[in-house]
Amino acid sequence: MSWFRRKKRTGTSDRGAERMDTSHLEQFHATRQGVEAYVEPRTNMTETTVMLIAHDGEWTRRRVDGTEAAFSLGDRLGIPVYEVAKVGYPQRMRDYNARQRKLKEGRSTPR
């Protein structure tokens, strides 16, 4: 009798990219300027993702069906595509995140 039997995990989530993911990325691109794509490799927790980063550092991330799909999306949208593992994230994204944290902290402090 096995008391501590667990269901075997397969690692990453098995949900691939959906049409909603792709349309969200297309909408982000259509409503922002200077957008670039950054491909994030598959990990034990997530499938391959692509992060679109606008000129001001605003960003969004969605799943894609592999690195080739990310480069194909970039070709369709006419934007450059980089691999995060090779080039890292742009400074403008970190600056944007810092600005958002400051705004959030400013709203949450009691007066």
Please find, among Met51, Met93, the residue that is in contact (Cβ under 8 Å) with a residue 12 or more places away in the chain, part of a strand (DSSP E or B) and surrounded by 14 or more Cβ atoms within 10 Å (Cβ to Cβ).
Met51
Sort through Asp56, Asp65 and tell me the only one that's part of a loop (DSSP other than H, G, I, E, B), surrounded by 16 or more Cβ atoms within 10 Å (Cβ to Cβ) and touching a residue at least 24 places away in the same chain (Cβ under 8 Å).
Asp65
Regarding Gln33, is this residue part of a loop (DSSP other than H, G, I, E, B) and at pLDDT 95 or above?
yes
Which of the residues spanning region 42-77 are farther than 23 Å from Arg92 by Cα and either within 11 Å of the chain's Cα centre (by Cα) or among the aromatic types (Phe, Trp, Tyr) (or both)?
Thr46, Glu47, Val64
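The values are calculated or read from the model by the stated rules, or taken from the named source; none is laboratory data. Values in this document were obtained by computation on a predicted structure and should not be read as measured data. For neighbour counting, all protein chains shown are included, and Cβ atoms are generated from backbone atoms with ideal geometry for every residue, glycine included.
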